[in-house]
Structure formats: C-alpha cells, structure tokens
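Novice: If you scroll down you'll find the structure; I have some questions about it.
We did not get these values from a lab; they are worked out from the coordinates using the rules stated. Predicted model only: the values in this text are computed from it and were never measured. All Cβ positions, glycine included, derive from the backbone under ideal geometry; neighbour counts span all protein chains shown.
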C-alpha cells in the first residue's frame, strides 16, 4: 500500500466509521430514549453476559476502559439494577461484577429495538448492497481481531 492509499485508509477510518456508528445510534435514540445509554454502559453488560462475573479490573482491561472511568459506569449500572457487585471470598479488596436478570432483559430488549431500527435504516439497500455491507463488516471484524492481538 502506498502512502496516499494509507492516508485515505486513515481518513476513512476516522471519518466514516464514527459517522456510520453515529447515524445508527442517533436513529435508535430517536426511536426509544429508554435505550439511550453510553457505549461503556452497553459494553460492560454485554461483556458480562458473554463472560460471566469478572473483577472490575478484568472488565476494564478487556474493554480498554481505565479504572477511574469504570467506577462511575458500574455505579450507574448497579443503581439501575443492571449489574450487581460482590466481594471476593478470597480477597476482600477484589470486587466482582455480574449481570442481573434485569440487565439481561434490558440487553435483549435493546438488541431487538436496535435490530428493528437497523432493518428500517437499511430498507433501501437491495440484496447486493446488503451482501457487500455484510462482507465489509466481516473484514472489519477480522481486522479488529488482528489489531487486538
């Protein structure tokens, strides 16, 4: 890849990925403000759904969220009964967080609303466009996995 192509790649990552994400997220927020939460909010409960209980530090490391930023996110999740905190039986300094049934229900309901909204947003795509988008997102996912290794 030459320098100009690399600069275009960087521009596309910095401009179009956030724009795509914002358009999808904004339209979802307009449909149902109940699901208008921060990225970190969804990332934490989604991670806990997939992994089970984690220490606050482990969750922060997996999500690349610093400990000072994790605390207010977890406080909000606990306050809204999406997660619960428990102390380690072996080391009282370690606090585990775990998704609650209420958190699971919220995540599933939010997912349904998001799917419905994205389907509406993509309704003007024909089958060929949808396949291109699918293939492109698979390639982005593969690249993200390579970057994180």
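Novice: Length gain on complete extension for the stretch residue 4 to residue 42, per 0.36 nm per residue less the alpha carbon to alpha carbon distance? Display every interim value, and only then the final one.
Specialist: Values: separation 38, 0.36 × 38 = 13.68 nm, distance 3.63 nm.
That works out to 10.1 nm of additional length.
Novice: Right, here's the next one. Quick check: pseudo-label points 7 Å beyond the Cα along Cα→Cβ at residue 84 and residue 62, how many nm apart are they?
Specialist: About 1.9 nm, to one decimal.
Novice: Which distance in Å, rounded to a whole number, links the C-alpha centroids of region 96-131 and region 28-85?
Specialist: Here the two parts' Cα centres lie 17 Å apart.
Novice: Could you work out [θ]222 nm for the chain from helices alone, using -39500 (n - 2.57) per DSSP H run of at least four and dividing by all its residues? Round to the nearest 500 deg cm²/dmol.
Specialist: On the way: 6 runs with 106 residues, N = 149.
Value at 222 nm, helices only, nearest 500: -24000 deg cm²/dmol.
Novice: Using the Kirkwood formula on the Cα atoms of the chain, what hydrodynamic radius do you get, in angstrom to one decimal? Could the numbers behind the result be given before it?
Specialist: Details: mean 1/r = 0.0563 Å⁻¹.
Across the chain, the inverse of the average 1/r is 17.8 Å.
Novice: Let me ask something else. With the crude spin-label approximation of a point 7 Å out along Cα→Cβ, what separation in nm comes out for residue 13 versus residue 33?
Specialist: 3.7 nm
Novice: Given N residues in region 36-124, what is Rg(Cα) / (2.2 N^0.38 Å)? The partial results should precede the final answer.
Specialist: Working: Rg = 14.5 Å, N = 89, 2.2 N^0.38 = 12.1 Å.
Cα-based Rg divided by the globular estimate yields 1.20.
Novice: Follow-up question, since we're still on this one. Using R₀ = 41 Å, calculate the FRET efficiency as 1/(1 + (r/R₀)^6) where r is the Cβ-Cβ separation of residue 136 and residue 94; round to 0.05.
Specialist: Plugging the Cβ-Cβ distance into 1/(1 + (r/R0)^6) gives 0.50.
Novice: Comparing 66, 33, 136, which has the greatest mean-square fluctuation in the GNM of the chain with Cα pairs linked when under 10 Å apart?
Specialist: 136
Novice: While we're looking at this one, here's another question. Most mobile of 15, 24, 45 per a Gaussian network model of the chain (Cα springs, under 10 Å)?
Specialist: Sorting by GNM fluctuation, first place goes to 15.
Novice: Continuing with this model, one more query. Quote the FRET efficiency, to the nearest 0.05, computed for residue 51 versus residue 121 with a Förster distance R0 of 30 Å and r equal to the Cβ-Cβ distance. Mind showing how you got there, number by number?
Specialist: Working: r = 30 Å, r/R0 = 0.99.
Computed FRET efficiency for residue 51 and residue 121 comes out at 0.50.
Novice: Just need the relative contact order of region 36-124 here, percent rounded to a whole number, with Cα pairs under 8 Å and 6+ apart.
Specialist: Numbers: 81 pairs, mean separation 26.4, N = 89.
Once normalised by length, the contact order is 30 percent.
Novice: While we're on this one: Which one, 48, 107, 19, has the greatest fluctuation when you compute a Gaussian network model over the chain with C-alpha springs under 10 angstrom?
Specialist: Top of the fluctuation ranking is 19.
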